[in-house]
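The values are calculated or read from the model by the stated rules, or taken from the named source; none is laboratory data. This structure is a prediction, so every number in the text was calculated from the model and none was measured. Cβ placement follows ideal geometry from the backbone for every residue including glycine, while neighbour counts extend to all protein chains displayed.
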Amino acid sequence: MFQTFRNAWKIPELKNRLLFTLAILVVYRLGCAIPVPFVTSSALTQMFSSGDMLSYLNMMSGGALSRCTLFALGVTPYINASIIVQLLTVAIPSLENIAKEADGQQKLQQINRYAGAVVALIMSLGYYFVVRNMGALKYVSGGAGIFAAVVIIATFVAGAQLITWCGEQIDDKGIGNGVSLIIFASIVSNWSSLYTSVKGLLTQAASGKPQYYFFLPLLIVLALVAVVFVVVMTNAERRITIQYAKRVVGRKQMGGQNSYLPSEAEHERRYAHHLRFGSGVHPGHHRQLHADRPGRHIRSGMHSSTPSTTPPGCTS
């Protein structure tokens, strides 16, 4: 593995892409540390320590949501918008026709951006009222309160759109999987809580509860099983059968054989995975690494990345 990294570093183009991706991730983490004006983030600590849905969303934003920072919403609006557009593509014929066009995916991507801005605005309004009810705002009434509300909501929306743009830049100029890398950086930034959890288990065991000694090995085994399952599912493929038509060449009959076209099964699971992520009910946070463009299905993935190699006279 280390030899692979060393070899990649020797290729100028790949080296530039790696550095560009790293720079974008650094910018993202800096944005997660820049607080939104007119908000006292210390008043929100208790609200995000209850382990409910807000804690889940805070984990996916790398702790930015609890600190009420520039990138507090993360890429959640973009993913939710992608899910909505994907569902509407099946329900609305005009969108389905757009998806079938040669440049349909580019048009749908543009629609995802606009829909993501709308979703970010709705989420920003909701989060603003949550922060206001928690008493974390410095100004809540009069002209100062209105100005503070506009600034906070606009900052959240702009941050969500900016981080979405950063993910697309990683796709175009970096190593790809921009949105996935951003989510990965958010999860990794909270790994410091793992030490606290392990320390808490050992403390409970030392206080006269020996059953906690079994919890730590159990967690390690479950983590290894999850990693193995993820690797197996990532490398899985769906074989699409191709039947070659029979033809006569001279006195010989050729063809009539069956073959298959390997296709990554991962493309078919992306939509369902992002649906779980958007609804916030999926506990397997580590599988957030694999989706570079949410909402794509196997048909769009094959048209965009797999060239047609079926020879004339073949049917699939």
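Matching residues to (1) in contact (Cβ under 8 Å) with a residue 24 or more places away in the chain; (2) more than 18 Å from Tyr78 (Cβ to Cβ); (3) in contact with a helix residue (DSSP H, G or I) (Cβ under 7 Å, 6 or more places away or on another chain):
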position: Met123; (1), (2), (3): yes, no, yes
position: Phe129; (1), (2), (3): no, yes, no
position: Asn133; (1), (2), (3): no, yes, no
position: Leu137; (1), (2), (3): yes, yes, yes
position: Ala144; (1), (2), (3): no, yes, no
position: Gly159; (1), (2), (3): yes, no, yes
position: Ile163; (1), (2), (3): yes, no, yes
position: Cys166; (1), (2), (3): yes, no, yes
Select from the stretch 164-180 the residues that are assigned to a helix (DSSP H, G or I) and hydrophobic (A, V, I, L, M, F, W, C) and write down the one among them that is surrounded by the fewest Cβ atoms within 10 Å (Cβ to Cβ).
-> Trp165
Report whether or not Gly116 is within 22 Å of Leu54 (Cβ to Cβ), surrounded by 17 or more Cβ atoms within 10 Å (Cβ to Cβ), of a type outside the set (A, V, I, L, M) and under 15 Å from the mean Cα position of the chain (by Cα).
-> yes
Flag if Ile98 is among the β-branched types (Val, Ile, Thr), without any contact (Cβ under 8 Å) to a residue 40 or more places away in the chain and in contact with a Lys or Arg (Cβ under 9 Å, 6 or more places away or on another chain) = yes
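Each row is one residue, and each column tells you yes or no for (1) loosely packed, with under 11 Cβ neighbours inside 10 Å; (2) hydroxyl-bearing (Ser, Thr, Tyr); (3) modelled with pLDDT of 90 or more.
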position: Thr4; (1), (2), (3): yes, yes, no
position: Leu18; (1), (2), (3): no, no, yes
position: Thr21; (1), (2), (3): no, yes, yes
position: Leu30; (1), (2), (3): no, no, yes
position: Phe48; (1), (2), (3): no, no, no
Take Ala149 and decide whether it is touching a helix residue (DSSP H, G or I) at 6+ places or on another chain (Cβ under 9 Å) and either modelled with pLDDT under 90 or surrounded by fewer than 16 Cβ atoms within 10 Å (Cβ to Cβ) (or both).
-> no
Output the helices (runs of 4 or more DSSP H) that fall wholly within the stretch 35-147 and possess 2 or more residues being under 30 Å from Ser189 (Cβ atoms), or say none.
-> 53-60, 64-67, 76-91, 104-133
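For every residue, the table says whether it meets (1) more than 34 Å from the chain's Cα centre (by Cα); (2) part of a helix (DSSP H, G or I); (3) modelled with pLDDT under 75.
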residue: Gly208; (1), (2), (3): yes, no, no
residue: Leu218; (1), (2), (3): no, yes, no
residue: Leu224; (1), (2), (3): no, yes, no
residue: Val227; (1), (2), (3): no, yes, no
residue: Val230; (1), (2), (3): no, yes, no
residue: Met233; (1), (2), (3): no, yes, no
residue: Gln243; (1), (2), (3): yes, no, yes
residue: Gln253; (1), (2), (3): yes, no, yes
residue: Gly256; (1), (2), (3): yes, no, yes
